[in-house]
Amino acid sequence: MEQPESPPRLTHTVADGVATVVISNPARRNAMTTGMWKALPELLDSLAGNRAVRALVLTGDGPTFCAGADISSLPGPHGPGESPQELAVRAEEALAAFPRPTLAAVRGHCVGGGCQLAAACDLRFAEEGASFGVTPARLGIVYPASATRRLVALTGPSTAKYLLFSAELIDTARALRTGLVDEVLPAGGLDERVAAFTSVLVGRSSLTQTAAKEFAAGRPGRDAHWAARAAEQAAPGGDTAEGVAAFLERRAPRFTWWE
């Protein structure tokens, strides 16, 4: 007897300091439904408040990362702020604003809204054979301004325009060459590499990582805040003092800073 299909959903686990969020809608190659777009910001907010979470991995259920938005959810009418495009932007912005390092682990198709989510992560590791595309030109949809600027920042204007104008898919070699992904792993090697790398992230200074995310996002109004945090942590008992002491004593640091 065939097992009933699981409903579209986001699942998550937390282990060894790493939260793993899984996009699960296998019947539609993990396309994001309206309910999934709505659920993601709330889930991220909950994980951001969890002191056990030091890094976050976003991935897909099975052999596909995410084939984009569930097209069946696009036709209206939708209430104010409730269109799939608006919900996708809110989810993307929530992911980009997550206060600790985020990594997209990509297999198979990473297309449309899936690419939008991957680009909102800090880093992207992909398995050989993955494909990437930004496909609103196939549907006559205007790609969001925030997502367009983020894509340009990653790949440069020329590649971003190629993707947006043509809606063509590119392979991992081109994605790596243009900056859309950071590492490409052989088949079967993605999970091991992601686990090893996130283990490194968990052991590093959250103070450094969180400040770097804010600086990279271009929030100069927070400079004074981080100057004050840096001064606090340089004092005895702070994370900077701990990091220096651990280096001199040739041991692993025990960082405790949290914001």
Among the numbered criteria (1) more than 30 Å from SER131 (Cα to Cα); (2) in contact with a Gly (Cβ under 9 Å, 6 or more places away or on another chain); (3) not basic (Lys, Arg), which single criterion is violated by PHE247? (2)
Take ALA230 and decide whether it is outside the structural domain of VAL18 (by TED's automatic domain parsing) and more than 18 Å from TRP258 (Cα to Cα). no
For the range 194-217 the number of residues that are basic (Lys, Arg) and surrounded by 16 or more Cβ atoms within 10 Å (Cβ to Cβ) is 1
For the list (1) farther than 20 Å from ARG193 by Cα; (2) among the charged types (D, E, K, R); (3) crowded, with 17+ Cβ neighbours inside 10 Å; (4) touching a strand residue (DSSP E or B) at 6+ places or on another chain (Cβ under 8 Å), I need the number of the one condition that ARG100 fails. (1)
Only one of these is crowded, with 16+ Cβ neighbours inside 10 Å, in contact (Cβ under 8 Å) with a residue 24 or more places away in the chain and not basic (Lys, Arg): GLY129, GLY133. Name it. GLY133
When the range 147-173 is examined, which residues are found to be among the aliphatic types (A, V, I, L, M) and over 19 Å from ASP122 (Cα atoms)? LEU163, LEU164, ALA167, LEU169, ILE170, ALA173
What residue, among those in the range 220-259 that are of a type in the set (D, E, K, R) and surrounded by 13 or more Cβ atoms within 10 Å (Cβ to Cβ), is nearest to ALA97 (Cα to Cα)? ARG222
Considering only the range 180-190, I want to know if a residue exists there that is among the charged types (D, E, K, R), under 19 Å from PHE132 (Cα atoms) and either surrounded by fewer than 18 Cβ atoms within 10 Å (Cβ to Cβ) or modelled with pLDDT under 90 (or both). yes
Quick count over the range 211-259, residues being charged (D, E, K, R) and part of a loop (DSSP other than H, G, I, E, B), is 5
Taking the range 139-164, which residues are closer than 20 Å to ALA88 by Cα, modelled with pLDDT of 95 or more and more than 19 Å from the chain's Cα centre (by Cα)? LEU163, LEU164
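The values are calculated or read from the model by the stated rules, or taken from the named source; none is laboratory data. Model, not experiment: these values are computed from the prediction. Cβ: placed from backbone, ideal geometry, glycine included. Neighbour counts: every protein chain shown.
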